[in-house]
Amino acid sequence: MNRLLLVAACLLYGLSLIWSYENVEGVAGYLATYIRFFPAVYEIAGFVLIAGLASFVMPLRISKPSDVALWMLFLLWLVPSLLLTYHAGTLPASEIFKFLVAVSASFALLVLLCRGPIMKVPRISIPSLVFKVALVIPTLALSAVVIQLATRTNLDPTVNLFDLPAVYGRRLEAQQVMESGSFPLFGYALSLLGTSLAPICFIYGLIRRRILFVVLGLTGLLSVFFFDGTKSNLFLPILFAGMLVLGINRGSQFGTKLAFSLTGLVAVGGYLWVEYQFIWISSFLTRRMIMAKATTLGVYYETFRDSPVLMQDFGPMRLIGVTPTTGKANLVGQSFGAGLSEGWNGNGWSSMYADFGIGGLIIASAL
């Protein structure tokens with residue numbers, strides 16, 4: 001019964017994505033450029049693959065952090081890819097479907113590999129006080145540095161960072177500050193605060209119920225957000241809190257609860273956009289975190305399927321002096337009308353496919 005409920009939740013989530021793509025994002029958003037009609041049999045085939053993976057591959061209960069990562073990948077990347085990739089590009093749907101079968105197989109390989117024995121990592125015992133001091137002092141210091149730098153560089157404090165055009169303007173300002181050379185190593189400090197120290201503070205505070213750490217983590221994330229407008233720093237606390245709630249009861253039915261939650265968010269976001277022109281939920285969650293991943297997979301496949309394997313853009317090749325004339329992201333941007341100056345960033349699977357072809361999908365899963 002639990003497995004049937006899981007399959008139903010995943011299929012309902014897929015239906016909500018199709019509805020939102022074709023009736024919300026495809027009408028009001030930038031994805032209107034990527035609406036293409038194709039035989040319904042391929043949508044049905046996508047649902048069959050989703051049901052099969054949910055029935056026989058995905059875990060019902062989470063028992064380790066990698067299980068959470070698998071569910072996030074499955075629902076935020078693979079499900080939309082199996083249903084929406086056909087809209088991006090010009091290739092026949094039959095060719096795209098064959099590629100998606102290979103992608104599904106590589107993801108199943110990843111799940112199977114994650115079921116193997118857990119690596120034994122030696123534990124390091126650190127006194128609680130030492131841990132707290134080592135976490136609090138750098139977080140406070142870097143938050144203060146970010147706030148002070150924003151003040152010294154005259155970033156406009158009146159900018160509405162909930163207005164999308166204003167956000168991109170702020171990002172450009174912040175990038176110019178970091179590239180000016182006046183503040184060496186500041187970019188690394190900003191990344192350390194926004195992606196490591198502040199999130200760890202927030203999560204530690206939630207788990208241990210320490211309000212001070214929650215406030216400190218929020219302060220760090222918000223200081224980064226108001227400096228460079230990176231919206232992920234604004235929404236990370238919501239994501240972490242949501243994951244914690246879904247993981248209560250020892251992770252039972254985590255995937256089912258996550259699928260139903262995402263379905264509700266997609267539906268509510270679409271409704272608010274259509275009825276009240278409130279685009280934030282749909283823009284950030286549905287378009288950026290979900291649908292953009294599906295179009296990315298499709299455009300990378302179309303760009304590199306007939307091209308030579310581009311190992312020149314594979315990181316280790318740079319160590320032997322091979323540097324690419326043009327990066328993969330820029331080639332994709334050029335192929336789809338954005339020009340060489342605009343990149344279309346890929347994920348691990350799409351990037352590895354560009355480097356190694358179908359074999360790259362297996363490499364991505366193995367890594």
Of (1) at pLDDT below 85; (2) in a helix (DSSP H, G or I); (3) outside the structural domain of residue 210 (by TED's automatic domain parsing), residue 89 satisfies all except one. Which? (2)
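Residue-by-condition table, conditions (1) touching a helix residue (DSSP H, G or I) at 6+ places or on another chain (Cβ under 7 Å); (2) surrounded by fewer than 16 Cβ atoms within 10 Å (Cβ to Cβ):
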| site | (1), (2) |
| --- | --- |
| 51 | yes, no |
| 55 | yes, yes |
| 64 | no, yes |
| 79 | yes, no |
| 82 | yes, no |
| 87 | yes, no |
| 101 | no, yes |
Looking at 339, 357, 343, 348, can you tell me which residue is at pLDDT 60 or above, farther than 24 Å from residue 113 by Cβ and either surrounded by fewer than 19 Cβ atoms within 10 Å (Cβ to Cβ) or not assigned by TED's automatic domain parsing to the domain that holds residue 85 (or both)? 343
With the requirement that a residue be among the charged types (D, E, K, R) and closer than 30 Å to residue 241 by Cβ, what does the range 56-114 give you? 61, 64, 67
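Out of the residues in the range 193-250 that are among the charged types (D, E, K, R) and in a helix (DSSP H, G or I), state the one that is modelled with the lowest pLDDT.
231
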Scanning the range 245-266 residue by residue, those on the phi < 0 side of the Ramachandran plot, exposed (fewer than 15 other Cβ atoms within 10 Å of the Cβ) and touching a residue at least 40 places away in the same chain (Cβ under 8 Å) turn out to be 252
Looking at this structure, is residue 261 at pLDDT 85 or above and in a helix (DSSP H, G or I)? yes
At pLDDT 80 or above, of a type in the set (S, T, N, Q), in a helix (DSSP H, G or I) and not assigned by TED's automatic domain parsing to the domain that holds residue 26: which single residue out of 143, 94 fits that description? 143
Can you tell me which of (1) touching a Cys at 6+ places or on another chain (Cβ under 6 Å); (2) surrounded by fewer than 14 Cβ atoms within 10 Å (Cβ to Cβ); (3) not basic (Lys, Arg) is the one residue 275 doesn't meet? (1)
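The values are calculated or read from the model by the stated rules, or taken from the named source; none is laboratory data. If you're wondering where the values come from, they're calculated on a predicted model, not measured in any experiment. All Cβ positions, glycine included, derive from the backbone under ideal geometry; neighbour counts span all protein chains shown.
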